[in-house]
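Working notes, structure below.
Rule-based calculations on the coordinates, nothing more; no lab input. Since this is a predicted model, take the numbers as computed values, not measurements. Cβ sites come from the backbone with ideal geometry, for glycine too, and all protein chains shown count toward neighbours.
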Amino acid sequence: MAADVPRTMIAQLLTITAPVLICAAIGYGWVRWRQDYHIDFTSNLITWVGAPCLVFHVLANLDINATVLAAQASAALAVIVANAAIGAAILALLKWSQRAYLPALMFANIGNMGLPLSYLAFGDQGLALAIAVFALNASLMFTVGVAIAAGTWSLRAIVRLPFLYAVALGLAFQLSGFRPPEFINATTKLLGDFTIPLMLITLGVSLARLGVRDMPRAVVISALRLGLGFATSNAVAVALGLDAMARGVLVLQSTMPVAVFNYLFAQRYGTSPDEVAGVVVMSTILSFLSLPLLLWFVL
């Protein structure tokens with residue numbers, strides 16, 4: 001019987017990791033086979049249609065206390081603040097660019113990797129908790145993250161994020177006790193279902209198009225991203241007394257690699273885009289290698 005436990009754990013890990021790796025590999029191979037993939041169009045489709053529909057459908061139809069979602073978002077905020085403070089101090093000691101690398105230490109790839117993994121590991125309840133983290137992380141990434149990279153602040157950025165309205169509308173249905181009409185449920189489910197696989201395929205495409213420059217620095221920043229995320233999320237989960245699932249989702253999402261959007265910010269504002277691209281690639285590789293151990297820990 002004891003031998004069945006490792007087999008069961010291995011099967012569980014494969015069930016979670018295989019879809020992620022296969023979808024990312026499809027995107028990577030698609031580019032290597034010299035097939036067209038318009039990443040701007042796909043990213044806009046996910047941002048403006050897929051992700052809002054996914055967020056709305058999950059929140060509007062899942063029986064989960066809004067207080068629990070608020071607690072999860074608060075925990076995610078504490079992790080980001082801790083990562084920002086520690087990361088800024090480390091970068092200052094190393095005399096490396098805050099504008100180039102601080103967003104990479106603060107904002108993980110919670111969308112492309114964190115949401116799929118949370119869903120595969122913890123089901124619909126885990127996905128709802130993950131969406132709370134995703135909404136907060138994306139809001140800060142497209143405001144604070146952009147401000148750090150650009151050196152400017154814009155309030156317009158946050159009010160243009162469509163998934164925030166999807167969160168508000170989904171919570172309104174949940175708090176009211178009503179469910180959306182079936183035609184809305186069916187439509188948002190259909191459109192939301194393409195989001196997760198498309199996110200993963202797009203991740204693979206991004207990895208195929210990016211290279212690694214300044215390998216030593218890329219390794220250091222990547223290790224910091226994963227290490228800081230793991231350490232601070234565990235500390236926050238213990239301090240706030242999160243239950244097992246909430247803690248698992250928080251740790252899993254916080255230990256994701258550098259978000260691809262950090263490279264796009266660096267490219268747009270001229271903050272060492274080639275070096276940041278290397279960090280995205282290296283942190284993703286390290287994340288894939290450490291993923292079985294991370295899943296074993298949170299499960």
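Just a few scattered comments:
- If R0 is taken as 41 Å, the Cβ-Cβ distance between F288 and R156 corresponds to a FRET efficiency of 0.70.
- Rounded to the nearest 20 debye, the dipole size of the range 35-298 about its Cα centre is 540 debye, using +1 on the Cβ of Lys and Arg and -1 on the Cβ of Asp and Glu.
- Spin-label model, N44 to K95: label points 7 Å out along the Cα-to-beta-carbon direction sit 4.4 nm apart.
- Protection proxy ranking for 218-230, 46-58, using the average of other Cβ atoms within 10 Å per residue and placing the highest first: 46-58, 218-230.
- Of the residues S74, S206, the one with the fewest other Cβ atoms within 10 Å heads the list, and the complete ranking is S74, S206.
- On the beta carbon distance between V81 and T8, with R0 = 41 Å, the FRET formula returns roughly 0.60.
- Multiplying the residue separation of T67 and A235 by 0.36 nm and removing their Cα-Cα distance gives an extension gain of 58.4 nm.
- Förster radius 51 Å - calculated FRET efficiency between A223 and F183 (Cβ-Cβ, nearest 0.05): 0.55
- Burial order of peptide ranges 263-272, 279-288 (average beta-carbon count within 10 Å, highest first): 279-288, 263-272
- If you take all other residues with their beta carbon under 14 Å from the beta carbon of G278, and give Lys and Arg +1 and Asp and Glu -1, the sum is +1.
- The chain - mean residue ellipticity at 222 nm from DSSP helices (-39,500 (n - 2.57) per run, n ≥ 4, rounded to 500): -26000 deg cm²/dmol
- Spin-label proximity, F173 to the range 52-66 - amide N less than 14 Å from point 7 Å beyond Cα toward beta carbon: 52-64
- Centroid-to-centroid separation of the range 198-243 and the range 63-133 [C-alpha atoms, Å]: 10
- Radius 15 Å from Cβ of A218, net charge of other residues (Lys, Arg +1; Asp, Glu -1): 0
- Packing here is the average count of other Cβ atoms within 10 Å per residue, and on that basis the peptides 114-125, 236-247, 131-142, highest first, run 131-142, 114-125, 236-247.
- Mean separation of Cα contacts under 8 Å (6+ apart) over length of the range 35-298, as relative contact order %: 31
- Under the criterion of Cα pairs below 8 Å and six or more residues apart, the relative contact order for the range 1-133 equals 32 percent.
- Radius 14 Å from Cβ of L54, net charge of other residues (Lys, Arg +1; Asp, Glu -1): -1
- Contact order relative to length of the range 67-149, as percent, for alpha carbon pairs under 8 angstrom and 6 or more apart: 40
- Among the DSSP helices (H) of the chain, those spanning at least 18 angstrom by Cα along their long axis with an average Kyte-Doolittle hydropathy of 1.6 or more are 66-94, 273-298; this is a geometric and hydropathy rule only.
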